[in-house]
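Student: Dropping a structure here in structure tokens format, bear with me for questions.
Throughout, read-outs are computed from the coordinates displayed, never taken from laboratory work. Being a predicted model, the structure only gives us computed values, none of them experimental. All Cβ positions, even for glycine, are placed from backbone atoms using ideal geometry, and neighbour counts span all protein chains on display.
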Amino acid sequence: MINISNDAFDQQLQALSRRCEKILTEQDLRAKFKRSAETGKPMRIKLGMDPTAPDVTLGHAVPLKVVRQFQDWGHKAVLIIGDYTARVGDPTGRSQTRKMLTGEEIDANAKTYVSQLGKILLTDPDHLEVRYNGEWLGKMGLVDIIKLAARKSLAQVLTRDDFAKRYADGTPIHLHEILYPLLQGWDSVNIDADVEMGGSDQLFNNLVGREFQVEEGKQGQVVIVTPLLVGTDGVKKMSKSLGNYIAVTDPPAGQHGMFGKVMSLPDALMESYFTLVTDLPPEEYRPLIASNPRDAKIFLAKTIIGWLHGPEAAKSAEADWNSTKEGGIPEDTPTVPIDPAPTKLAPVLTKAGLTRSNSEATQKIKEGAVYIDGERATDLA
């Protein structure tokens, strides 16, 4: 039963405000809430994910948690697995053309998604519909593609920040990349989305879908975008291609587990992680962040692990971490021979495969994320 009272609408909008950077438009969303309540027909909440890697990350979890809110209110999530758009490669936020994946790679990655999403979403048929956009995009011929491309001018597409920057820098923009937002927009037409969720970098693409729906005589979808979660490097958005991510299926403990990854986060990210990834009220975490960032990270790590793996796993991961801090060595810690050994710490970390570059290693040392024999390393020499 979907509540029709204005108070209920206000409460739902207030709940969305925690993670929603923009709602275009709030008036349209309120009207859709009301129409759904009057007709008893759930809204269709679209979220598209291209299977460019096998892992669902905490970055994905931010819009997914909003989708879950809609499910809890009685609406249906429509997950679009971009088996065809992944072949094009989403250019969003990219400074260069994305490497094209093979069909086999895409299919293998897609198979892992639904099981992982069960950690966040309700997966029964009343609450979740999973679609592959190859269903409709795979049937389009050259004439159909030309007609779709004719709906947008090159000037309109180049207003996207990433395209505009690449164009100004003289970095190549390939024609297939320009088609991507049009294909994503066409997904919304085909599945009759009422709302489309995405990160803030997806705003242009999502608005294309809204425009296409109106052009097709349908009601335009509401576009909701969430802030981007910064990755474990503390600089760029969490990304599978950058390797700076925490996967929802990462093991709770161990050197490369959730607990260790959270503990390596810069202190400056604590507020955003608590806000975007957890449901804790601010009064529970803000005083702790201000008084003891280290304890705040422990609290964050236990909260995330408890959510995704259960409270016992959270306790065990904390115990493993404490054992490590007292001189113990996690069982999964690999031994890496380095011969000849560099004379400075940053190259040692890089040669050991713990960082991708000496500059990243130097940054981790400056952030206080590197320990030697239980003591925080501060000397770059």
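Student: Using the Karplus equation 6.51 cos²θ - 1.76 cosθ + 1.60 (θ = phi - 60°), what ³J(HN,Hα) coupling, rounded to whole Hz, does each residue of the stretch 128-137 give in order, writing x for Gly and Pro?
Tutor: 9, 10, 10, 10, 10, 6, x, 4, 10, 5
Student: Sort Thr355, Thr159 by Cβ crowding within 10 Å, fewest neighbours at the top.
Tutor: Listing Thr355, Thr159 from fewest to most nearby Cβ atoms yields Thr159, Thr355.
Student: Could you grab the relative contact order for the chain? Cα pairs under 8 Å, six or more apart, rounded to a whole percent.
Tutor: 16
Student: Provide Phe70, Phe9 in ascending order of the number of other Cβ atoms located within 10 Å of each residue's Cβ, fewest first.
Tutor: Exposure proxy ranking, most exposed first: Phe9, Phe70.
Student: Let me ask something else. Among Lys147, Lys152, rank each residue by its count of other Cβ atoms within 10 Å, from fewest to most, as a rough exposure measure.
Tutor: So the ranking, lowest neighbour count to highest, is Lys147, Lys152.
Student: Could you please state, rounded to a whole Å, how far the C-alpha centre of the stretch 33-61 is from the C-alpha centre of the stretch 114-154?
Tutor: 12
Student: May I ask for the angle, rounded to the nearest 10°, between helix 203-215 and the longest principal axis of the chain, with both axes built from Cα atoms and the value confined to 0 to 90°?
Tutor: With rounding to tens, the tilt is 10 degrees.
Student: Now for a separate question. Output the 0 to 90 degree angle, nearest 10, between the alpha-carbon long axis of helix 175-191 and the longest principal axis computed from the alpha carbons of the chain.
Tutor: 60
Student: Return the tail of the calculated pair distribution for the chain, meaning the percent of Cα-Cα pairs more than 31 Å apart.
Tutor: Of all Cα-Cα pairs in the chain, 42 percent lie more than 31 Å apart.
Student: Cα axis of helix 311-325 to longest principal axis of the chain: angle in degrees, 0 to 90, nearest 10?
Tutor: 40
Student: Relative contact order of the stretch 1-87: what whole-number percent is it, with Cα pairs under 8 angstrom and at least 6 residues apart?
Tutor: 35
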